[in-house]
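Worksheet for the structure shown next.
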Amino acid sequence: MSETTTTYVDKALKCCEPDCKADFTWTAGEQEWFAQKQDPNSGKPFEPPRRCKTCRERLKQEREYLVSRGWIQERGVWKDPRATGESRLKLHVALSTQRARDVQK
Ligand SMILES: [Zn+2]
């Protein structure tokens, strides 16, 4: 076991969501946590976060919402397995429904 003396400092990042683009801080603590983890799929360290906390939280809620509706994710695209042809819902329809619901709360 070699001792690492890496010191992490807070980094300023920009959110990749087109309708957000907020500046956010990738804290030293989070970087340290990231450095200890590996992507189980690629075996490589995780990429730095591309979204701010608000967007990550929102996407997490959207994912839970879609899963609760029985949607499945295929190669990064959400699909309603029961929908066919014309009735196949597009992802953004479901998401805007969810967003509208959030606004109404
Ligand atoms: Zn954001």
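The values are calculated or read from the model by the stated rules, or taken from the named source; none is laboratory data. All values derive from a computational prediction rather than experimental measurement. Here Cβ is always computed from backbone atoms with ideal geometry, including for glycine, and neighbour counts include all displayed protein chains.
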Residue in the stretch 42-50 that is surrounded by 13 or more Cβ atoms within 10 Å (Cβ to Cβ), without any contact (Cβ under 8 Å) to a residue 40 or more places away in the chain and not in a loop (DSSP other than H, G, I, E, B) present: no
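Name the residue that is nearest to the chain's Cα centre (by Cα), counting only residues in the stretch 39-86 that are of a type in the set (S, T, Y) and more than 16 Å from the ligand (Cβ to nearest atom). Before the answer, list the steps.
Of the stretch 39-86, the ones of a type in the set (S, T, Y) are 42, 54, 65, 68, 84.
Still in the list and also more than 16 Å from the ligand (Cβ to nearest atom): 42, 65, 68, 84.
Details: S42: 18, Y65: 14, S68: 17, T84: 27 Å.
Applying the filter and picking the extreme gives Y65.
Is there a residue being more than 16 Å from the ligand (Cβ to nearest atom) and on the phi < 0 side of the Ramachandran plot anywhere in the stretch 14-22? So that I can check it myself, show each step before the final result.
Narrowing the stretch 14-22 to residues more than 16 Å from the ligand (Cβ to nearest atom): none.
No, because not a single residue in the stretch 14-22 is more than 16 Å from the ligand (Cβ to nearest atom) and on the phi < 0 side of the Ramachandran plot.
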Hits in the stretch 56-74 - residues which are out of contact with any Phe, Trp or Tyr (no Cβ under 6 Å at 6 or more places or on another chain) and either in a loop (DSSP other than H, G, I, E, B) or assigned by TED's automatic domain parsing to the domain that holds C20 (or both): R69, G70
Long-range neighbours under 7 Å by Cβ, at least six apart or interchain, first residue more than 11 Å from C52 (Cα to Cα) within the stretch 11-39, second of a type in the set (F, W, Y): K11/W26; A28/Y8; Q31/Y8; E32/Y8; F34/F46; K37/F46; D39/F46
Residues located in the stretch 26-36, provided they are within 16 Å of the ligand (Cβ to nearest atom) and either at pLDDT 95 or above or part of a helix (DSSP H, G or I) (or both): E30
